[in-house]
Structure formats: C-alpha cells, structure tokens
Amino acid sequence: MSIRKEEAFQHVLCLHLQPHELSLAVMNKDSKKIRHQQTLAIKDFDRDGVTSILNEEYLSYDYHALCAVAGGTRSTLIPVDLFNHTKAEDVFKLNYPAPIDNLDYNRIPEIGIVNIFELPLWMKSLFVIKFPRIKVVHPATVILKGIFNQPTFTPKMHLVIEGNSFYFLITAKSKLIYYNRFDFTTIADLVYHVLFVLEQKELDQKTMDLFLYGVAPNWSSIDELQGFFKNKIRFGSGPENTDHFLLAKQLLCV
C-alpha cells in the first residue's frame, strides 16, 4: 500500500461493487490522481461474501471522504422538476416490470436530472455499517457527472464499457441527447446497438467524435471496434479518464 494512515485525510476512498469483483482506488483529493488501485475477487455475491473481503487495514483509515458505486442494472433518468412532483416508484414502474427491488436515487444538478435506480438493501446497509460516512451512487450517476465535467458542446458519442455491458451517451450543445445501457457479447453486438441508435435518431457518425471509457487505450478489442467507425476513437489521458473512469470520477460525487 502506497499511502500511510496519517495522510489518509488528504485522500478519498472510492469503491466499485460488481457481482464478480470489488474495485477500489485511493484518490488524492487535490491532484485527482490515483495513489493506489486494487481489485478484489468476490466468490459469493451477497452480504457475507462482500463483507469478508473488506478486511484490508487501509480501508479503515480516516479518509477525507468515501464513495461507492453500486446498484442494479435497471435505472431511469427523470428531469428534476418532474421528480419533485411525483414518486420514484411510480416513475420506475413506467419503465420496468415488477418485481422492483429497493429504490434509491441520485440528483445530478449539472444537467437537471435525477437518476432513479435499484439498490438492494443488503448492499446499502453493508456500506453504511462498514463506512458510516460513505456516499453510495449508481454507475450512471458517476458516468454522467464525469462526461459533463468535460467539454460537451460539440457533438460527441461516449461509450463506457463495464464488463459485458456498456453505456451509450450522445451529447451536443452541452446537453444530453441520448442515454441508454446495453448488454453485449461480441464487438459486433456493441456496434449494432450504436449504429441502430444513430439510424433511429438520423445522426451521422462522421459528424461526431467517439470517446471510449472503462478500458485502456491498449484494449484488445480496440482495433476491431475502430473498424466500424469513420473517425478515430478517442481516449482521455491517464487511467483516471480511461480504464478507471468509474473509480476516479467518484470525486465529483463527494
């Protein structure tokens, strides 16, 4: 571990819980750089299984802030003004069938949107008991905050890879034009979803830059993916803007 207990107050502990692993990063709150990163395999994806791997000594340090990305794959976005006059469950039912798990939400004031998502109670209570000061947010919340923390005026496509799924966003004139999440098995699956959305929205890919997150620039599938797009796929600089995007951009949530 490259951080000492007495300097933990200068850092933020960021966690990303997925069914097969828990990724974590210790981020310097001023430089916004990763000081330490680790991925822990999860054998049993339940409260006891996740709790059993949270025994690293440095996880109990007194950090400046703590944040965790967690929640189900089902989420929905709604304008803040509409959210203030309705119930989260009523909105969620319009998009997803029952059964519906415990619901939570994050406000994203940068774009006037609220993200409503499923967060099993065992996940929420696990984090709150282990880390009383922690803030729990959904992956889509971090993605939206991260993308809108950079220039979004010119038309852009954003692909955020997360395991065997990806988030697809289109931004233009500093607004969110399109957002959705898809599962994929092959690169051809991913490309099909993207091109179908562009066709339905009557958008020309040649007029937009394409940015990729969640994987490193040397990703094994980058050449295959590039073959389907006219413009060169772009990456941000450093792991904070590429493969560790979902960990690093949690700093925008605390």
Within the range 127-175, the residues that are touching a residue at least 60 places away in the same chain (Cβ under 8 Å), in contact with a strand residue (DSSP E or B) (Cβ under 8 Å, 6 or more places away or on another chain) and part of a loop (DSSP other than H, G, I, E, B) are 131, 133, 134, 138, 163
Would you mind stating whether residue 71 is assigned to a helix (DSSP H, G or I) and of a type in the set (Gly, Ala, Ser)?
-> no
Could you count how many residues in the range 1-26 are within 16 Å of the chain's Cα centre (by Cα) and part of a strand (DSSP E or B)?
-> 11
Pick out the one residue from 13, 77, 24 that is within 20 Å of residue 118 (Cβ to Cβ), crowded, with 18+ Cβ neighbours inside 10 Å and in contact with a Leu (Cβ under 9 Å, 6 or more places away or on another chain).
-> 77
Can you tell me which of 194, 254, 215 is aliphatic (A, V, I, L, M) and modelled with pLDDT under 95?
-> 254
Note on residue 219: of the conditions (1) in contact (Cβ under 8 Å) with a residue 60 or more places away in the chain; (2) surrounded by 16 or more Cβ atoms within 10 Å (Cβ to Cβ); (3) more than 13 Å from residue 158 (Cα to Cα), unmet is (1)
Run residue 110 past the list (1) within 22 Å of residue 168 (Cβ to Cβ); (2) modelled with pLDDT of 95 or more and report the number of the one that doesn't hold.
-> (2)
Among what's in the range 109-123 and is out of contact with any Ser or Thr (no Cβ under 6 Å at 6 or more places or on another chain) and in contact (Cβ under 8 Å) with a residue 40 or more places away in the chain, pick the residue that is surrounded by the most Cβ atoms within 10 Å (Cβ to Cβ).
-> 123
Positions within the range 80-108 being more than 20 Å from the chain's Cα centre (by Cα), surrounded by fewer than 13 Cβ atoms within 10 Å (Cβ to Cβ), not in a helix (DSSP H, G or I) and not β-branched (Val, Ile, Thr), in sequence order = 84, 85, 87, 97, 98, 99
Any residue at all in the range 167-176 that is surrounded by 13 or more Cβ atoms within 10 Å (Cβ to Cβ) and more than 21 Å from the chain's Cα centre (by Cα)?
-> no
Matching residues in the range 34-44 - criterion: being part of a loop (DSSP other than H, G, I, E, B) and either among the acidic types (Asp, Glu) or surrounded by 14 or more Cβ atoms within 10 Å (Cβ to Cβ) (or both) | 42, 44
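The values are calculated or read from the model by the stated rules, or taken from the named source; none is laboratory data. Keep in mind that what you see is a predicted model, and the values were worked out from it rather than measured. Counting neighbours? That spans all protein chains shown, and the Cβs are built from the backbone with ideal geometry, glycine included.
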